[in-house]
Amino acid sequence: MSLRFLLWFLFIICFSSLPLCNGGIAIDLNGYWLTRSSKPDSSTFEASVPGNIYTDLWRNGTLKEDPYYRFNDVEYRWVSKEDWSFWRDFQVPENVTAHKKVLLKCDGLDTVSSVYVNDKLVGASDNQFVQYFFDIKAALKTSKLNQISVRFTSPTKYAADQFYRHIFDHGYVVPPACPPPVQHGECHPNFIRKAQSTFAWDWGPAFPTVGIWRNISIVAFNTALIEGVTVNTSFESTNNTWRLTVGAYLLTTDTPSKAVLGFDIPELKFTRRQSVDLSAGNASVLLSFDIQEPVERWWPNGYGGQKLYNMKVTVADDGGNMESSKNVVIGFREVELVQDRLQQPNATGLTFYFRVNGVPIWSKGSNWIPAHAFQNTISSDYLQWLLNSTVLAHMNMLRVWGGGYYESEEFYETCDRLGIMIWQDFMFACAMYPTTSSFLASVRQEVRASILRLQHHPSVVIWAGNNENEAALATNWYGTSLAFKTFKADYVKLYVDTIRDEYRKYEIVDGRPWISSSPTNGKLSEEEGWIADDPYSNLYGDVHFYSYLVDPWDWTIYPPTRFGSEYGYQSWESMETLLKYALPSDLSYFGHFANHRQHHQFGQIEMLYEIMKRFHVPSPSDSVEKFAALVYLTQINQAMGIKTETEFYRRMRNMMNPDSSGLTMGALYWQLNSIWPSPSWSSMEFGGKWKMLHYYAKEFFQPVLLSPYIDKDGYFRISLINDHLEQISDQMNIRIFDFTNGFNEKSSINVTVNQKPQTASVVYEETVQSLVKRSGCTGRIANCFVMVELDGNFSTVPNVLFLGSPKNATIRKASIQVKGISPVHQSSRTFEITLKASAIAPFVWLEATGIQGYFSKNGHIQYQEVDVIRFHANQDISAGELQSGLKVMSLMDIY
Ligand code: BMA
């Protein structure tokens, strides 16, 4: 036994029983455990709980390198093929076993395990998302050494067994059997209830983790333990009252008992006590209270503050002895998913948008995927940085995508605080699923556990049954059409009869919206028996849109949907990020490493094809240099594509096409974050560095946006989008520049513009012909670009429209000099960087190597000789440090 283990062991034995309150007691079992594989020759070593076997093996040196390094995802796959046991010793003081009920509380077991206390089987797990409680009172030895062991079965072996058993028992294959070979993944994730992306995804590696991934403890009580609390708030305007409905879900003892529940919200001077009769085993109590104003509302980011209140829920026995308590942070707000008939005459379809506190919200944001294959390695700082970056980019919504995890408490608490609405998928993605009774029973437990843990967060505004499974079935992704009836019946059994049914047990009446899938037609999908004829309809529900061999700068290719909940293009992560996980010699665009990390079939070719629509491909002979240039171009391609698509969605806010499409009310691009250094659709790299797309998102999601575009009828138009709740009125400048004309603009006009609250409409139009003529761009249109900006009260940053493609333009190579870096108001975090350019420089790209932070703008056009950009660092740095890490380039540097 190592010294560290011994010290920890003594600490645990002496100090770790914590009162749940005066009555109940908890003993923390986290920390250092021991582990070994079931293979006869395997050795025993330390494991960290919460954790997973990969990080344990890496820490102890069995895995020699970072599992993310080069090809280690495949090299280290053997880990997931073995069965692993984890065990530790512990003592329980007499005052614990003296309680009527003593439970082992496992917040996360990944995934299939048998749990033993002193060699007695006390429980089993088959679902990573379930919080398990096992009765261990009879198995415990008081004041002696006890041993707990959790014996896990290989997840890949288990999934395969279940797959074949299903064929044997039910006579059909539940597809897809395996991920596409390009993903180097593992088969049958749909047969095991763990994060589906742990078996590989089109942006992520297969690391089928094993271990105790969330907290584990012993809890003891005499009356009841609070398992979860649900909350609903609704406003009654007639008497200015909030109705607060609270559900308390309790684990109880083996006999009925009496208890007193307490609800306290100190800030509102709200205190209630309620005597209740508790049934044996478990009990739930639903109570409603009226709270008079003043109560401050919770709003999504951009619409008001995020007032949160602490509520303490307590359980005492009928003698008044406190047994258990739970603090939940709540917000007062009402949420509706509005699916109404359109007001416009003769229009078909339904709206699809969120209304919070009676105000229609234009949802702006992205999709969240797991931040790391090893969840235990995600630091609080990293999580905070990723989530803060959404607010810096004016987002108000994130969709927690259905192939990952129901995220950590900290994730949702942060979103509550930041005003980020959460669209929460249930964790089913891109597959058909079995519906055996044991599978469905496990899913019910998963739904219950997730709702009891997360429902009370004001940020959680909608739950969705799955990711893309309605679309997969409707459009035959997995060859299900021959047995469509069977798969449709399975679909309804799982998402409607099981998930929705279970959800409704815990979701309070008039509570949060639920939809069956994403994309879906919402109410129409329901009418059509849950599998719509066309789940991608622009007239109903949400849409996922991907198209690759296209020109991403062409807005006319994008669907005028009601709500774009996924759309994206891939790009590569920076050389700085990649070189931490690869050798310089690995970095060649079509080389072995690039192909290994590219999990999307033909991804490399598609990006190149799209780039070539607008740019020349650089041709340095050095393959690393070429790779670096292509990384930059893939980021430009992605940023420009998503900018074009998102601005189109925002322009469509009040526009309806003759076929009733349009009236778009949401844009969540795919995807916010990256799970490992790779090519992906993310706007942030693994590690948190912003890609060009994230800088563009910060601009295209501004509450007030001018969006210039060339329309199908040959007109140049500018839309003014106003998300604010007040009217705006301002001066708009339209300036035209020519790359070959120095820094002087070719023409400039000023127009007064107005926009009503929460509206988008065209505020300027002119034929392209006239624009080109009056600015002297005739015959050289690709050299010209338009800059539009508001000048007064509403701070928009200039928006650019290229009148042609850079590949057809004459652009001078600009040398950009850093003229100075100085701290702003003596700050050691915010600096001003002065840049002087020798010519107009498109796609200026700054990198602060080795320093986490962000620039006030990046990837922009420098059209003035001198420009000042701010850099905000996440840690204290000096101007000198920033200077030495700073790199500046622009487009022509790669040619
Ligand atoms: C959608 C998503 C993900 C996927 C992405 C990019 O299908 O739901 O499953 O990663 O597109 O292909």
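For helix 409-418, report the angle its Cα long axis makes with the longest principal axis of the Cα atoms of the chain; keep it between 0 and 90° and round to the nearest 10°.
Approximately 40 degrees, to the nearest 10.
What does a probe at Leu608 reach in the stretch 567-601, counting residues whose amide N is under 11 Å from the point 7 Å along Cα→Cβ?
Flagged as within label range: 589-591.
In this model, which of Lys580/Lys807; Lys613/Lys712; Lys626/Lys857; Lys157/Lys493; Lys488/Lys523; Lys364/Lys643 are farther than 22 Å apart at the alpha-carbon?
Over 22 Å Cα-Cα: Lys580/Lys807; Lys626/Lys857; Lys157/Lys493.
Taking only DSSP H segments of four or more residues, each worth -39500 (n - 2.57), what value at 222 nm results for the chain once the sum is divided by all its residues, to the nearest 500 deg cm²/dmol?
My calculation for the chain gives -6000 deg cm²/dmol from helical runs alone.
Around Gly776, under 10 Å between beta carbons, what's the net of Lys plus Arg minus Asp minus Glu among the other residues?
Taking every other residue near Gly776 into account, the sum is +3.
So if I place +1 on the C-beta of Lys and Arg and -1 on the C-beta of Asp and Glu, and nothing else carries charge, what would the dipole magnitude of the chain be about its Cα centre? I want it in debye, nearest 20.
With only Lys, Arg, Asp and Glu charged at Cβ, the dipole is about 560 debye.
Between Val550 and Ala879, how high is the FRET efficiency from 1/(1 + (r/R0)^6) when r is the Cβ-Cβ distance and R₀ = 56 Å? Nearest 0.05.
So, using R0 = 56 Å, E works out to roughly 0.80.
Rounded to the nearest 20 debye, what is the charge dipole size of the stretch 224-330 about its Cα centre when +1 sits on each Lys and Arg Cβ and -1 on each Asp and Glu Cβ?
The calculation lands at about 260 debye.
Can you give the accessible area per residue of the chain, in Å², using a 1.4 Å probe?
Ligands and nucleic acids excluded, the result is 36 Å² per residue.
Taking the C-alpha atoms of the chain, how large are the radius of gyration and the largest Cα-Cα span, Dmax, in Å?
For the chain, the Cα-based Rg and Dmax read 28.7, 92 Å.
Compute the distance in nm between two label points, each set 7 Å from the Cα along the Cα-to-Cβ direction, one at Lys64 and one at Gln344.
According to this spin-label approximation, the distance is 6.4 nm.
List the extent of the Cα atoms of the stretch 33-134 along each of their three principal axes, largest first, rounded to whole Å.
Extents along the principal axes, in whole Å: 53, 26, 22.
List, in order, the whole-Hz ³J(HN,Hα) value for each residue of the stretch 160-177 obtained from phi through the Karplus relation with A = 6.51, B = -1.76, C = 1.60 and θ = phi - 60°; use x for Gly and Pro.
Karplus values, whole Hz, x for Gly and Pro: 5, 4, 5, 4, 5, 4, 4, 5, 4, 7, 10, x, 8, 8, 9, x, x, 5.
Using a cut-off of under 17 Å, list every residue of the stretch 75-99 whose amide N is near the label point 7 Å from the Cα of Asp28 along the Cα-to-beta-carbon line.
89-93
Over the stretch 3-217, what percent of the accessible surface lies on carbon and sulfur atoms, probe 1.4 Å?
With neighbouring chains kept in place, the figure for the stretch 3-217 is 56 percent.
Compute the FRET efficiency between Glu865 and Gln826 as 1/(1 + (r/R0)^6), taking r as their Cβ-Cβ distance and R0 = 25 Å, and round to the nearest 0.05.
0.35
Suppose the chain between Thr752 and Lys258 were pulled fully straight at 0.36 nm per residue; how much longer would it get relative to their current alpha carbon spacing?
So the extension gain works out to 170.8 nm.
If you stretched the chain out fully between Leu392 and Asn240, how much longer would it get, using 0.36 nm times the residue separation minus the C-alpha to C-alpha distance?
Answer, rounded to one decimal: 51.3 nm.
Return the sequence-ordered ³J(HN,Hα) values of the stretch 27-32 in whole Hz as given by the Karplus equation 6.51 cos²θ - 1.76 cosθ + 1.60 applied to θ = phi - 60°, using x for Gly and Pro.
Going residue by residue, I get 10, 6, 10, 5, x, 8 Hz, with x marking Gly and Pro.
Efficiency by 1/(1 + (r/R0)^6): what FRET value for Asp501 and Glu413, r their Cβ-Cβ distance, R0 = 35 Å, to the nearest 0.05?
After rounding, the FRET efficiency stands at 0.75.
What are the ³J(HN,Hα) couplings of the stretch 198-211, residue after residue, when phi is run through the Karplus curve with 6.51, -1.76, 1.60 and θ = phi - 60°? Round to Hz, x for glycine and proline.
Whole-Hz 3J(HN,Hα) from phi for the stretch 198-211: 6, 9, 4, 9, 6, 10, x, x, 8, 10, x, 5, 9, x.
Would you mind calculating the gained length between Leu287 and Gln601 on full extension (0.36 nm times residue separation, minus the Cα-Cα distance), in nm to one decimal?
The span from Leu287 to Gln601 would gain 107.7 nm if fully extended.
Enumerate the lysines that Lys258 could reach by cross-link, defined here as Cα to Cα under 28 Å, with residues fewer than 8 away along the same chain left out.
Lys100, Lys101, Lys105, Lys137, Lys269, Lys312, Lys326, Lys505
For Cα pairs less than 8 Å apart in space and 6+ apart in sequence, what is the mean separation divided by the residue count of the chain, i.e. the relative contact order in percent?
That works out to 9 percent.
What are the residues whose amide H is under 5 Å from the amide H of Phe332, where those residues sit 5 or more places off or on another chain and H is modelled from the backbone?
Under 5 Å from the amide H of Phe332 lie the amide H atoms of Trp298, each far enough along the sequence or on another chain.
Between 0 and 90 degrees, rounded to the nearest ten: what's the tilt of helix 623-651 against the longest Cα principal axis of the chain?
With rounding to tens, the tilt is 90 degrees.
The values are calculated or read from the model by the stated rules, or taken from the named source; none is laboratory data. Remember, it's a predicted structure, so these values are computed and weren't measured experimentally. Here Cβ is always computed from backbone atoms with ideal geometry, including for glycine, and neighbour counts include all displayed protein chains. Heads up: the accessible areas ignore ligands, DNA and RNA and are worked out on the full protein's heavy atoms, side chains in. Shrake-Rupley method; radii C 1.70, N 1.55, O 1.52, S 1.80 Å.
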